[in-house]
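Below: the structure, in structure tokens.
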Amino acid sequence: MEKSNKNINNVLIASITPYFLEKEFLWFQENLEKILEAKKSQNFFEDNIIFLEKNISYNFSQILRKLDEMGYEKVFTVSDPGEFSQKGGVIDIFPINQEKSVRLDFLGNTLENIKFLQAKVLDEKKSKKLLQNKLKSQKIFSDLKNLKPGDYLVHLDHGIARYCGIEKFEVPNSNEYYVLEYAENDKLYVPVGLERKLSKYIGFSDPKVSRLASVLWQKTKKKIKEDVEKLAKELLELYAEKETIKRTPYLLDKEMEAEAKSGFIFEETPDQIQAIIDIKNDLSKEKPMDRIICGDVGFGKTEIAIRTTVFAISNNKQTAIICPTTILANQHYNNFKKRFEKFPIRIALLSRLQNKNDQKKIAGDIKDGKIDIVIGTHRILSNDVEFKNLQLLIIDDEQRFGVKQKEKLRQIKASLDVLSLSATPIPRTIYLALSSFKKISLIQTPPEGRVAVKNFILAYNQKIIKKAILQELKRKGQVFYLHNRVQTIEKTKHELQNLLPKAKIGFIHGRLPEKKLIEIMNNFQKEKLNVLVATTIIENGIDLPKVNTIIIEDATKLGLSQAYQIRGRVGRSYTQGFAYLFYEDKNLTPLAKDRLSALKEAEELGSGYKIAMRDLELRGAGNILGKEQSGSINKIGLNLYCQVLSEAVEKMRNN
């Protein structure tokens, strides 16, 4: 941009409000006198306009505060409308009602000089649209529900602070203020109603509190904005590349779809219905589908996968379902076989546990098109597995695959229709930031009739354990007993057997050979066992509707999100589920107490978004954005990061 140093005598600065964003630059010039007249008598104009004249004294800090209240963002270097910076007695600002940015030069409180700095805004409409989107995103990302003193907040201009509560000054007509504490006990008072610049801090660890009036925050924000703009560019380029790939649209067989639907014994939830509609829309276009289905444990993601395979089969296309573990692949295989037993559909399981001859035969049948659906681990990605007409790829828990496997997936994914299933909640903020080019279906409504799991948090007590297990066995149910130490798991199994001689008890952990793991899980599924002592191997993907009681021997040893996921293994049918979370009384730390009370509070269904929000959402953020973004997220918090990303994406799209 060309520079201009033209001195002027006065400047009008309009607030970033929808009313002013709709007005053109010319309107402000033509109506200057009317605006200044209205400023004297009308509160709206008084609150939303600054008019400054050369050689007049003003309260310097009052001007900075007013710019903040009017929605201007404090930055290190001004480059776009709606920004300002301050260095010593110099304020640079880009008013939304001016074609150029302006420098205000103060000596003490006297405004000594006003001059234009930058060339014209290249596209006024585009510039205003970006600011309108920014205003919307500030509202979205500044969700301050359930705020408690001691929580960390991020102020867009001043950085990370501790929230101290809401205060009202003892003067007539005083506002209520959010009180923010910065380093060295400095306080910032933000009027309630002007919280659009505040967002909750969500990060991987407790953050370092910022210093008020330090340039470090502006520098940090500037660097992250640059990094995020690179990421937005990469994402948009990838999206544009995908847009060029074409395939024949699917013809949807309504009869076959209705038949598959009739085999689902539960009532579909509104979110499931919407996800299936979204998938049908994706498949009816020429562009290959790439959609993520994200939902809480037990909310019906597998059913959506089953329905999607029907669309592929009715178009004479093969489907590959890839799972991170053999146990999960085995379970999917059993579920799919059961659901499609009345259909002329050929389903195969492929894993390294099968003997070499069986593997070779299945690989040959896949190549000849004799298999419609193949389910397996990354064995499916091996070089000896060739498909005749593969078109649909379903990936369960993609984030749990290794780097090499992910790279192989990326290579084969380009022209395929891809459906990824994720049990890790994706934050709404990321969903909104990426929704324009990342297709995500959120499954947040529990199945109808599902009853929330009842929690009992108790000091370790064998009598209660015995009573809880007997109560479950009496109603013909099954029990998970979580003991997360491999060295002593067999001993614990024998102790339980002595306590409950008639119970059929087995044990399972990740160091057992995979064949043995599957044998034990199959025995448990067929009810040859009714109590299974297990490590956290049961955390992911195991769906056993008869298991409606879980006993966690020492719940304080688990992270919040892990405890939540494990608790989600029970109560997956219409039967009331029970979770007993025991703790060792003598070892209970304040942190452990907090974890247990958080689990107790989050009894309602779908509370995966609330409980351990930091842990779960950050994991979801890492899965979607890539682990290398974690540092940036930590420095400014997830909510502000997503706001910056949302604005960067919009900016790139407009350019």
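Values in this text are rule-based calculations from the coordinates and carry no lab data. What you see is a predicted model, and the numbers here were worked out from it, not measured in a lab. Because the Cβ atoms are built from the backbone with ideal geometry, glycine has one as well, and the counts that use them run over all protein chains shown.
At a glance:
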item: Label-point separation, Gln411 to Lys356 (7 Å along Cα→Cβ), nm; result: 2.4 nm
item: Cβ-Cβ FRET estimate between Lys208 and Glu46, R0 fixed at 30 Å, reported to 0.05; result: 0.20
item: Computed label-point distance, nm, for sites Glu37 and Glu241 using a 7 Å Cα→Cβ extension; result: 6.1 nm
item: Ellipsoid equivalent to the range 454-604 - semi-axes via the Cα gyration tensor, in Å; result: 23, 17, 16
item: Principal semi-axes in Å for the range 7-122 [√(5λ), Cα gyration tensor, largest first]; result: 20, 17, 14
item: When each of Lys404/Lys557; Lys404/Lys635; Lys285/Lys439 is checked by Cα-Cα distance, pairs over 22 Å; result: Lys404/Lys557; Lys404/Lys635
item: Summed residue charge, Cβ within 12 Å of Glu519's Cβ, Lys/Arg positive, Asp/Glu negative; result: +3
item: Net charge, Glu112 excluded, C-beta distance under 13 Å - Lys, Arg +1, Asp, Glu -1; result: +1
item: Sorted by Cβ neighbour density within 10 Å, fewest at the top, the residues Ile440, Ile245, Ile160; result: Ile245, Ile440, Ile160
item: Ile265-Val215 FRET efficiency (beta carbon distance; Förster radius 60 Å; 0.05 resolution); result: 0.45
item: Percent of Cα-Cα distances greater than 30 Å, calculated over the range 245-443; result: 15 percent
item: Full-extension gain in nm, Lys187 to Lys367, via 0.36 nm per residue minus C-alpha separation; result: 57.9 nm
item: The range 483-570: radius of gyration over Cα atoms, expressed as a fraction of 2.2 N^0.38 Å; result: 1.04
item: Above-threshold pairs, the threshold being 18 Å between Cα atoms, out of Lys526/Lys546; Lys23/Lys225; Lys168/Lys197; result: Lys23/Lys225; Lys168/Lys197
item: Linear extension gain, Thr589 paired with Lys23, 0.36 nm per residue minus alpha-carbon span; result: 197.9 nm
item: The range 270-335 - Kirkwood radius from inverse mean 1/r over Cα pairs (Å); result: 13.2 Å
item: Proximal charge balance of Ile489 [Cβ under 15 Å; K/R count +1, D/E count -1]; result: +2
item: Chain lengthening between Ile56 and Ser382 when straightened (0.36 nm per residue, less Cα-Cα); result: 109.7 nm
item: Per-residue HN-Hα couplings for the range 254-263 [Karplus 6.51, -1.76, 1.60; θ = phi - 60°; Hz; x = Gly/Pro]; result: 5, 5, 5, 5, 5, 5, 5, 5, 5, x
